[in-house]
C-alpha cells in the first residue's frame, strides 16, 4: 500500500513537516463507462465500492456523490453501533457488520476509532421489561452478547443515570451489549474512500445524478451534472434521497424521508463512559472522544428534505435527557443539526434487486444505518456482483412488502417512527 | 506581577462599587460593570487557560461572545458550577469564583504542555493514522485521549436553578441594540409596530456607545452622545419592549426564533435561590430586523495565539468601556483603519503605544494622520513574522512584505511589547441570517460574505449587512427601513455624518513568514489548535470541501464555533486550491449562535412536570389503600395491593384467588372510551372491526378486534350498542388516543359519506368492575332497583340504571372469565360507587385487585392483551381467533392483507398455551422457545408472551407464540435459559373453564 | 417550525398538527380484487417527493379535522391548503 499509515510514517513525515503525505483519494473526472456505478458517497456507498473491488474483483467502478463524501447521514449521525436486534434476519445482518467493525481499522489501515464501550437500552415500563428480556434471550441464542441488567446493575454500569424509583418513568432495568459502542463517523467514509481509491475505484464528488437511463427493463447508465456515464449495474445508496433516484427510474419505494435531529454539548472531561439509549422516554446519549455529549433526537412525522427539524423535537429530547441525567441541566448545547432519513414501514432496511435489471437499492435504514455500514457495503456488493442477495440480506428484499413477510423492528429502533 | 491597569474612570464601570472575586484561588478586585475578563486585565492577568490539543497558554482574546480562549469553570465545587464559560461574558459579582480549565496541575505549569513539544507528531488527523496496533489496544489509547480531551468539567450535582419558557408574538423583532438596531427599533415603534429589541449585552448601544472621539460625529455631536439621546428616546415607547442580556440562539424558518434571557447569572449565588435563572423566549415575529453587527477578524501569522494578543477592537473596548489598559507597551497590527481608531482611543487615555504595524504600504486617511501627529510609530507595509513570550507576549519581530504579498523581504526588526492588538478587518455576523435559510453572496472588494437572498420577511441592517463605517450605516439605514417597514419617513433622513475611517484594506489570509510553513504555528482556530498548515495538509491529502477540511482539522468545531477563524480557513483553502471564495460557499452555521443551557431549553418540563400524570377518579382510594402503581401510557394504574408486608407474588396470588372464589373489584377507568353516534354507526363498525356488527341488538355488547391496514392486530375491546344509532366503544388503555385518531382519519378522509360522529369520553366516566361468583349479590345491593336475573340481564348485555339519583351504565361483560359487571358512572361519582361496592362486598371478602391480577386471571382464560401477546406481527388467525374474522363481510380495515402469500402461510407463529413439566416452575416472559437447542444456530420457534403461577389451577401457566403452534398441541418444546433448559408442553391457550360456565355462575 | 393555515381554525404552529403522509392515495374500493402487488402499491409504495408534495395533515390539538396541504418538501414552504374533498390547486 502506498503511504501506509503508522506511527512510523507519522514520525518520518514529521521530519519533512508533513509536506509529503499523498492524497487519501484522487479526484478524477468520470470515465465514459464503468462496470458498476454506486450512487451515493456515504459510508454505505463507499463500503459497497470497496467490497466490490476487494471481494468481487470488479475494479472499473465509480462512486458518484452529489456533494462531498460522507456529508449526508454518515457525517450527521450519533455513531451508535450495536447488533442486539430482535429478529434472526436483523441480528444476522447487524452482527455481520459488528464483526467487521471489530477489525475495520486494521483492514482499512485507517483508525475508525471503533470503541466498544457498550450500549445499554433502558426499560421504563413492564412491557419494556418483557420486550428487552425477549430480545436478550433471542440475542443469546443468536450468539450475540447481550445481558439483561436490573436497576442496580444499570446504575453500576452508568452511575450518572437517575435510577430513583420516584421519577416519572423509573428505570426498571436494561440490556447491555458490551461489544457495542461508537466509531468516528467521518473516518469510516474516509477510510473506505481511501481503500477503494487504492484499488482503482473512481470517487467522483460534486456529481449529481439527474436521470437514470433505461433500455426497457434494464439500466444503461446515469445522467449526471458531469455528463452521461454508462454502466450495466447501478447500485443506489442515497439514503434520504433514495426515492428521488427511484422516481427517476420510474420506481416507487416503500419509503418516507423525514428529518432526524441530533445535537452535541460543549466538550467536558469524561463523565459518561458508555452509550445509553432509552426508547420509552426517548433519550440517547454518549460522549465523544472530544468530550462532547452526543445526543440523538427523534424524527418529525412529516416528509422533508430540508435537513431541518422542528425545535419541539429537540426540546422533547432534552426533557428526557434531564429526566434521566439531572446533572446535565447546566451543560450547554453547542450545535444542533438535522439529517434526512429514509424510513421503511417495518423499520428495517432494503438491500435488494429491483424490477429493473441492473438496478439495485440499498435504503430504508431509517435512524439506524451507521452501525450497519461495513456489513451493508459487503452484502450490497455481493448482491450487485452476483445479481442475487447473500443469505444475510435475503430477507431485506423489496418483495416483502408484497408478500407480507415484514421484518418489524420498531421495538429495536430508539426512535419512535 | 499584579498591577493596577485601570486607567481612567469609565461611566460604564462603577468605581465606587468594589467587588471581590477569586480566580484560581487568589482574590482580586474589580468594579461593578466589569466582566471577568476586564477585571482580570485590570489586574494585569492575561493567562487564563490552556488550549485543547497542544495545551498552549492562552489569554483573553476578545471582549465578547466570540471568545475562543478565555473560558473558565465557575464555582467548581458548587452545584451551580458551569464549565466552559467565556470570561468575556461573565459579569462579576461578589463571591464569583472562576478557575482555569484543561490544565493540570495548574494553568501556570501544565503537564499537558508536553503536547506542544510533540506537536510535530500531532498534525491534523494524526489519530486516523495511528493507535491501530495492536488491534485490541485502541480502547487503552482512547482512555488517555478522552482524559486529555474535553475542556471543563460537567456538574455532578442536580441543578438548583429553575428555568422557564415564554412565548412572544411581535410585529417586529430587532436583534442587536447597536446603533443600527436602535434606529430600527425606534422607527418600528414610532410607526405603531409592536416591537421587541434584544441584545446579548447588559447595556444598549453596541460599540458606538463608547465611540468617544472627535473623528466620528453625527449632526455635529460625538457619535456616542448622539446615540445616548436616541436610546433615552426609545425607552419611552410603550409598544417597544427592550430585553438586554438576551441572546438570540436560533433563527428558524417562518420567523420563529429562540432567545435566551439571562436573569440571575450576574448576581451573587446566595441571591439566586427561587429566582428564574434563564428564560427561553420563543419568538414568533412578523418581521425580523437583524442588526447583529460584525466581528473583527484576527490575522494569521506565526505564534499569533500568545496571552497578551487580543483583537484590536477588544483592546479599544477594554480601554473605552471598562477603563482598562491591556498592557503598558502596546503594539497594534492591522490591515485596515480599525486599529487607528484603537490607537487614538488608547492615546486619549494616556496608554502607551509602541508601534503600529500595517501591512498596507500606501495608506492615507484622517485617522492615520491623527495617529502620526501623536508621534506613534507606524511601520507601513510590514507584517509580524513571529511573537515571543511563553505565558505572555514580550516581543514581536516584523519584516516587510513583498509587493505581491507572498513573501517577506528585508531584515527583521524586533519590538518589545506586553500586548498586541490585531485587526484583520471585519466579518459580518451573518450566522442568524444563514440559520434562517438565507443565502449569502461574496463581496470581493473587502472579502466578506453578506446577505443576499432572504427566506422570510426579514432584513439585515448595519455592519452585519456589510456596512462597516458610520457614514455607510447612517446613509443606508433610512432607505432600508422605509422599504422594509413600508413607512414614509424615518428620523434619520439626511443626517450629517463625519467619519474619519477609510475603507482600504489589504486582505492576506495567511501572512507570509521568513520560515517554511511547516516550522510555524499560525493559528486559525485558537481553541482547537488548528493552524494554517493543518488546513494545507488537509488539502494536500485530498480534502477539498470546506466541510471536509473543517472536520479533518477540527477548525470551527470549538465552543466558539469558528466565529473568528472560519473565514481564514475558507480564504486559505481558496488561495491554496486556487478557487474563488464565493464558489466554495461557507460552512453551515448551525444553531445555537452561542451555546444554550440544556436547562433553559427544557424550562419547567423537569421532575414532576416532565410528563403529565393521568389518574383515575378512584386514584386517591388506591393510594390510601397502599396500592403499588404501574405506568400504562400516561396513566397510573393500581398494580397490586400488598397487605401486611406481602410480596408482589403473595398479593397477586391472594387477589387472584379471591376474585375466583368470591369477589374482586378493579378500577377499569383507564380503558379508552369512544362515543359513536350517527345513522351509519353500525356500518362504520363493520368497516373498522373484523367481525360483523349490523345484527347486534340494542342493549347488547360485543368484543371486537381491530386491525391495521397491514392485517396485524392493532387494538381490541368491547363495544356496546346503546341505541339504534349509538354505540360506546372501549379500547385498550394505551391505544385510546391512536385508535380515535385512526378512526377519525378513515371517517374524514376515506368514508366522508358516512354519517358518524366520534367523541372521546374516556375521562368522562369512571369504570368499576366487580367480578366473581358473588359479584351479582354485591352489585345488586349497590343498585337495588335493577333486575339482575340472567333472563333480564344476561352476559354481554347492558342496562341504563341509577345509583341513588346518579345515572349509570352497567355492562355485564367479563375479562376474567368470571360472572362480572362493569359500572360506568360520571367520573366524579366514581370513587363513591367504588366505596359503595366495597361496602356491599364486605361480607363477601370483596378484594381489590390491580393490573397484575387482571393479567393473571385473563391468562387463565387465554384472553390476549394487545401489545403483550401481540407485537404488530400477529394476525387474528395467528391468534387462533379465526372466529372473529367475518368471512361474509366484503371488506374491513386490514382484510386484504390477511390474504397475502406470507400472511396465509400455515407455519406462521401462532398463539398457544404452554405448560411446564414442573408445575411450580414459572417461565420468564420473553423467554424463547425452541425444539432443539443443541442445533446451531438455534432455531427459535417463538417466545413466551405471558406467564404466571395460577393459584386457581395450582400450576404454572403461560401463553406464547410458536411457529406452527396451532398443530403442535401436546408436543414437547424447550425453553433454553442461560443456565438451564425448561421442558414445556404446548397446550390449548384456555386453561380454565373452557365451557364458560363461570360466566353465569 | 413552520406555521400551517388550518382551513377551519386559521394559522397555527406545526406542532399542533400531525402529518398523515401523501394525499390522494385513495383506498381501493374493492381490495379483494387486487393482486398482492397492487395491494402493496396502495399500502406501502410512496412517491416521497422532494419538491411540491400534496399531503394530509390533521389538526390534532385543535379541531381534529383532516385537510390537505401543498408543501415544498425541500424547504418546508407551504403553498396551499384545502379541505378534504376539495379539488387540489392546479398551480
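Some points to look at:
- Counting all C-alpha pairs of segment B:905-1000, share separated by more than 18 Å (%): 43
- Cβ-Cβ distance of residue B:802 and residue B:745, R₀ of 41 Å, FRET efficiency by 1/(1 + (r/R0)^6): the value works out to about 0.65.
- Kirkwood-based shape ratio for segment B:749-815, expressed as Rg/Rh from alpha carbons: 1.10
- Residue of A:360, A:169, A:85 that the Gaussian network model of chain A assigns the largest fluctuation, springs spanning Cα pairs under 10 Å: A:169
- Choice from C:16, C:41, C:33 showing the highest fluctuation, given a GNM over chain C with Cα pairs closer than 10 Å: C:33
- The C-alpha atoms of segment B:298-419 occupy a region whose extents along the principal axes are 39, 36, 21 Å, arranged from largest to smallest.
- Quotient of C-alpha Rg and 2.2 N^0.38 Å, computed over the protein assembly as shown: 0.99
- Estimated inter-spin distance, residue B:646 and residue B:516, nm [label 7 Å along Cα→Cβ]: 8.5
- Stokes-Einstein diffusion of chain B at 20 °C, 1.002 mPa s viscosity, Kirkwood radius from Cα pairs, rounded to a whole number: 63 µm²/s.
- Peptides B:943-955, B:782-794, B:663-675 ordered by packing proxy, namely the average of other Cβ atoms within 10 Å per residue, highest first: B:663-675, B:943-955, B:782-794.
- Placing a label point 7 Å from the Cα of residue A:6 along the Cα-to-Cβ direction, the residues of segment A:75-112 whose backbone N falls under 16 Å of that point are A:106-111.
- A Förster radius of 30 Å combined with the Cβ-Cβ distance from residue A:32 to residue B:406 puts the calculated FRET efficiency at roughly 0.15.
- Cα centroid separation, segment B:90-114 to segment A:37-91 (Å): 44
- Simple spin-label estimate for residue B:612 and residue A:218 gives 6.2 nm between the two label positions (7 Å along the Cα-to-Cβ direction from each Cα).
- C-alpha long axis of helix A:126-141 to longest principal axis of chain A, angle in °: 50
- Where labels lie 7 Å past Cα in the beta-carbon direction, separation of residue B:445 and residue B:27 in nm: 5.7
- Modelled FRET efficiency - R0 60 Å, residue B:764 with residue B:137, Cβ distances, 0.05 increments: 0.40
- Sequence of A:405, B:467 once ranked by neighbouring C-beta atoms within 10 Å, starting from the fewest: A:405, B:467
- Per-selection Kirkwood Rh - segment B:190-248 (Cα, Å, 1 d.p.): 12.6
- In a fully extended conformation the segment linking residue B:835 and residue B:905 would gain 20.1 nm over its present Cα-Cα distance, using 0.36 nm per residue.
- Among A:380, A:396, a tally of other beta-carbon atoms within 10 Å of each Cβ gives an order, fewest to most, of A:396, A:380.
- Whole-angstrom gap from segment C:36-52 to segment A:152-172, using each part's C-alpha centre: 43
- Debye intensity ratio I(q)/I(0), log10, chain A, q values 0.07, 0.10 Å⁻¹ (C-alpha model): -0.33, -0.67
- Cα coordinate range in segment B:667-857, projected on the principal axes (Å, largest first): 54, 33, 30
- Calculated from the alpha-carbon coordinates, segment B:901-950 shows an Rg and a Dmax of 13.1, 41 Å respectively.
- Residues in segment B:955-988 that a label on residue B:920 would reach, taking backbone N under 14 Å of a point 7 Å out along Cα→Cβ: B:955-956
- Cβ crowding within 10 Å ranks B:360, B:900 as B:360, B:900, fewest other Cβ atoms first.
- Between helix B:470-485 and chain B: long-axis angle, C-alpha atoms, 0 to 90°, nearest 10: 30
- Paramagnetic reach from residue A:23 in segment A:67-92 [backbone N under 16 Å; point 7 Å along Cα→Cβ]: A:68-69
- Rounded, prolate or oblate (a/c below 1.5 giving rounded, otherwise prolate when a/b exceeds b/c) for segment C:38-91 by Cα gyration tensor: oblate
- Segment B:624-668 and segment B:739-792 have Cα centres lying 23 Å from one another.
- Nearest 10 degrees, 0 to 90: helix B:138-148 Cα axis against chain B principal axis: 60
- Counting DSSP beta bridges with both ends in the protein assembly as shown, the antiparallel % (nearest 5): 75
- Share of pairwise Cα-Cα distances greater than 19 Å in segment B:1-154 is 58 percent (whole percent).
We did not get these values from a lab; they are worked out from the coordinates using the rules stated. What you see is a predicted model, and the numbers here were worked out from it, not measured in a lab. Glycine also receives a Cβ, built like all others from the backbone with ideal geometry; neighbour counts cover every protein chain displayed.
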